[in-house]
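J.: Mind having a look at this structure? Questions to follow.
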Amino acid sequence: MAIALRVRGKRLKSFQMNLLVSVGGVFLLFAVCFSIYQHHREKDYKIDILHSRLQMYNYEMMQSLGHDSLLSERAFRDYVEKHDVEGLRVTVIDKAGRVLLDSHTSNVDSLGNHLRRMEIRDALLRGNGYDIKRMSESTHDTYFYSATRFDDVVIRAAVPYSAEISRSLQADNTYIYFSVFLTLLLGLILYLNTKRISRHIGYLREFAVKAEKGEELDHELERRLPDDELGDISHTIIQLYWKLRHSEEEKLLIKRQLTQNAAHELKTPVASIHGYLESIIDNPDMQPEKRRHFLERCYAQSERMSRLLLDMSALTKLDELEDTPLSSRQDYHPIDVVSVIRNVLDDTALQLQEKGMQTVLRLPSSAIVTGDQSLLYSIFRNLIDNALAYATGATRLSVSCEEAERDGRKFFDFSVSDNGSGVSPEHLQRLFERFYRVDKGRSRKLGGTGLGLAIVKNAVAAHGGTAVAETTPGGGLTIRFSLARE
């Protein structure tokens, strides 16, 4: 575990860098791709503007001259001179690629066939076309060409590809500076956030290392957590750790107390049995009546030890059930609690009659819950045995069950009460503690183990409920608890 933490520690040191590189790399790649795309789009846009202007010139020429006048050399040259643009060259070409007219020369036969020129080919196919930065074979100057098809002829306008046009066709790099600035800004924000996340993960790692080594934990750790989702998660982890640690400490304390109390409780019957048996061995001529009395006392004390061991075994089983979810307990199945109660009353009918206690039942026809039958039986058996043993002067034992609904869940609320002498209020909260006795001397004389109500509390908890002790109105003790309906 320590090695794993150290290895994990090395990884944590590079967590910020890994996150920064991965997220920052994706964003940087996006920014580069966007810049390249925007650069080409900007360049294409400016080329389209220049192409559109030359197209307008071609359309205006055709519209002004018409088809017949366009093929007249005089009308053609007059129009070009009247609409002169510096360096502009205009050419009229037929569908076969033969030059009909050119504003720069009258000897059109020397210009050759233009059918394979890109702008002419595109114009014949799509109606218009252009070519960027191509050298003229006749003038040896570099031009930007824009051609437009009109029925059986193509008008081509060309302007020299000068430094000014070259600059005008270049993309505006302002967006690049903006992209760089935005990238740096977002990079800084990403760095600060990853640093914050890494710092708080480091706090959790520090907490985990100290917890593993059993060192004194820094309670200031929680105060340094951020007030956001990360802080909530970290706080929850720390709280779960403390609950788990306290739970383990409580379990160890309970087990230690159980061992100490069990040893204390067993000491008395063991000493009694030892004393009686020693007397019998040391006095072989002991009168039969006295020998029988000693043996009966040994038997009674052994029964007390047997009950104590059985109760301790039941509590151990219940402690083990705490770590098992209710839904995965194999011994749990639908049980009719009313039937269980009647079985307990049948088994204790003779003792109740001897005590002169009348039973008053307020029960439905059935109360089905999912649970363990032996544990449910032990709940009611221990409650009735407790009333038989300690409800001094009681003449009535009441058992009731009512249906209830809380937070969208349905329950059966049970109560077992007597009208005896009751318990002082200061003892009510401690009645479910293991080996707790209101009157220790009297309880031992009655043969109690001090674990009955502890078994009730844990058995109820094993079925997802809680048990409370109250004073019965008019005198006596009432134990209330709930069991979830099936």
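J.: Go through region 114-127 and report how many residues are open to solvent by 90 Å² or more (accessible area, probe 1.4 Å) and part of a loop (DSSP other than H, G, I, E, B).
T.: 1
J.: Regarding Leu388, is this residue more than 49 Å from the chain's Cα centre (by Cα) and at pLDDT 85 or above?
T.: Answer is yes for this residue.
J.: Here's another thing I want to ask about it. Filter region 45-71 for residues that are without any contact (Cβ under 8 Å) to a residue 60 or more places away in the chain, closer than 14 Å to Ile155 by Cβ and among the hydroxyl-bearing types (Ser, Thr, Tyr) and give the result.
T.: Ser64, Ser69
J.: Tell me, which residue of region 280-318 that is of a type in the set (S, T, N, Q) and modelled with pLDDT of 85 or more is least open to solvent (accessible area, probe 1.4 Å)?
T.: Only one residue fits best here, namely Asn283.
J.: Residues that are modelled with pLDDT under 85 and open to solvent by 30 Å² or more (accessible area, probe 1.4 Å): does region 350-373 have at least one?
T.: Checking region 350-373: at least one residue is modelled with pLDDT under 85 and open to solvent by 30 Å² or more (accessible area, probe 1.4 Å).
J.: Next question. Residues being at negative phi, open to solvent by 40 Å² or more (accessible area, probe 1.4 Å) and among the basic types (Lys, Arg): count how many of those fall in region 128-165.
T.: Of the residues in region 128-165, 2 are at negative phi, open to solvent by 40 Å² or more (accessible area, probe 1.4 Å) and among the basic types (Lys, Arg).
J.: I've got another one for you. How many residues, within region 374-401, are part of a loop (DSSP other than H, G, I, E, B) and either hydroxyl-bearing (Ser, Thr, Tyr) or crowded, with 17+ Cβ neighbours inside 10 Å (or both)?
T.: 4
J.: Taking the stated definitions as given, is Arg98 within 24 Å of Ser138 (Cβ to Cβ) and out of contact with any Ser or Thr (no Cβ under 6 Å at 6 or more places or on another chain)?
T.: Taking the combined requirement at face value, the residue satisfies it.
J.: Taking the conditions exactly as written (in contact with a strand residue (DSSP E or B) (Cβ under 9 Å, 6 or more places away or on another chain) and assigned to a helix (DSSP H, G or I)), does Leu352 satisfy them or not?
T.: Criteria met by Leu352.
J.: From the residues in region 43-95 that are over 23 Å from Asn113 (Cα atoms) and aliphatic (A, V, I, L, M), which one is modelled with the lowest pLDDT?
T.: Val85
The values are calculated or read from the model by the stated rules, or taken from the named source; none is laboratory data. Please read all numbers here as calculations on a predicted model, not as lab measurements. Backbone-built Cβ (ideal geometry, glycine too); neighbour counts: all protein chains shown. Side chains are part of the model used for accessible areas, which takes the heavy atoms of the whole protein and leaves out ligands, DNA and RNA. Shrake-Rupley method; radii C 1.70, N 1.55, O 1.52, S 1.80 Å.
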